[in-house]
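First the structure, in the form of structure tokens, and then the observations on it.
The values are calculated or read from the model by the stated rules, or taken from the named source; none is laboratory data. The structure displayed is predicted, hence computed values, not measured ones. Cβ atoms come from the backbone with ideal geometry, glycine included; neighbour counts cover every protein chain shown.
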Amino acid sequence: MSLIRRIIPCLDVQSGRVVKGVRFQDLQDKGDPAALAAAYEAQGADEIAVLDVAATPTGLQTQRTVVEAVGRALSIPLMVGGGVRTLADMGALLESGADKVAVNTAAVLRPSLLAEAEKAFGRQFVVLSVDALRRDGAWVVTTRGGRDATSRPALDWIREAVDLGAGEVLLNAIDADGTGGGYACDITASISEAVGVPVIASGGAGGPEDILKVLTAGKADAALAASIFHDGRWTVGAVKRYLSEQGVSVRC
């Protein structure tokens with residue numbers, strides 16, 4: 001494998017604090033976003049993701065103060081998502097320190113937002129966030145932080161979104177989120193093969209073996225993980241050493 005793969009710790013944020021649960025439920029406090037972001041960069045993280053898990057369901061904008069604090073603590077790229085509805089929201093997050101912005105519900109409701117964002121900010125700035133749910137054997141798109149399921153096949157929507165202007169795909173398998181039971185490698189591989197942009201796999205990391213599997217069998221370009229880092233079971237550096245030993249190219 002010659003392509004360098006990325007490891008991205010995820011900070012799910014609610015009311016200014018990092019939280020983590022299972023399938024978006026039973027959230028527990030995990031600490032201060034800026035402090036955790038700085039710690040993960042020191043461990044060797046390639047990027048940091050800050051996702052406001054309350055913004056879309058409650059109709060609130062992503063908290064710019066959190067993004068500003070995390071941005072000041074980092075020298076690596078910062079991806080931000082949650083509650084992003086308009087070009088003005090994206091511009092505000094860019095000004096606050098985001099390098100990339102992830103959009104989900106607003107893009108599903110108005111796909112042209114992706115084309116407008118690409119024109120305004122560039123394709124590399126636009127990340128399509130997809131919360132996918134397995135229903136009757138098929139993967140469908142959900143909105144509002146996984147609360148509302150649609151009948152739209154995830155792969156069809158992702159293809160359309162990439163054609164419109166999304167420069168990267170953040171794929172979260174809701175069934176696996178926070179369970180530690182492994183990523184959904186089947187849908188990840190299907191999407192990775194179907195689109196010509198990087199795919200970030202999210203949901204289900206229980207250890208470095210799961211990350212290895214999604215980067216190889218799942219063909220993901222990057223793996224996003226939260227619980228294994230927040231709980232102190234693994235450091236980013238230890239995961240990268242394991243991956244390197246298994247022949248996966250990572251930045252050390």
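Residue check: residue 159 meets all listed conditions (1) in contact (Cβ under 8 Å) with a residue 12 or more places away in the chain; (2) surrounded by fewer than 21 Cβ atoms within 10 Å (Cβ to Cβ); (3) under 29 Å from residue 110 (Cα atoms); (4) in contact with a strand residue (DSSP E or B) (Cβ under 8 Å, 6 or more places away or on another chain) but one, namely (4). In this structure, residue 62 does satisfy being in a loop (DSSP other than H, G, I, E, B), hydroxyl-bearing (Ser, Thr, Tyr) and at pLDDT below 95.
Matching residues to (1) closer than 24 Å to residue 78 by Cα; (2) among the charged types (D, E, K, R):
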site: 138; (1), (2): no, no
site: 148; (1), (2): no, yes
site: 152; (1), (2): no, yes
site: 156; (1), (2): no, yes
site: 159; (1), (2): no, yes
site: 164; (1), (2): yes, no
site: 169; (1), (2): yes, no
site: 174; (1), (2): yes, no
site: 187; (1), (2): no, no
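Of everything in region 95-119, what is farther than 29 Å from residue 38 by Cβ and outside any helix (DSSP H, G or I)? Give them in sequence order. The answer is 110, 111. For residue 199, the conditions (1) under 30 Å from residue 123 (Cα atoms); (2) in contact (Cβ under 8 Å) with a residue 40 or more places away in the chain are fulfilled apart from (2). For region 209-226, the candidate set comprises residues that are crowded, with 22+ Cβ neighbours inside 10 Å and assigned to a helix (DSSP H, G or I); within that set, the residue that is farthest from the chain's Cα centre (by Cα) is 210. Among residues of region 220-241 that are among the acidic types (Asp, Glu), those with a Cβ under 6 angstrom from a residue that is surrounded by fewer than 19 Cβ atoms within 10 Å (Cβ to Cβ), sequence gap 6+ or separate chain, pair up as 221/198.
Of the residues making up region 78-94, not a single one is outside any helix (DSSP H, G or I), on the phi > 0 side of the Ramachandran plot and surrounded by fewer than 22 Cβ atoms within 10 Å (Cβ to Cβ). Hey, does region 162-171 have a residue that's at pLDDT 95 or above and within 22 Å of residue 19 (Cα to Cα)? Yes, that holds for at least one residue. Only one of the listed residues (166, 173) is touching a Gly at 6+ places or on another chain (Cβ under 6 Å) and of a type in the set (A, V, I, L, M). That residue is 173.
Can you confirm whether residue 132 is touching a residue at least 40 places away in the same chain (Cβ under 8 Å), buried (at least 17 other Cβ atoms within 10 Å of the Cβ), part of a strand (DSSP E or B) and in contact with a Phe, Trp or Tyr (Cβ under 6 Å, 6 or more places away or on another chain)? Yes.
If I go through region 185-208 residue by residue, how many of them are part of a loop (DSSP other than H, G, I, E, B) and under 20 Å from residue 12 (Cα atoms)?
Residues meeting the conditions: 5.
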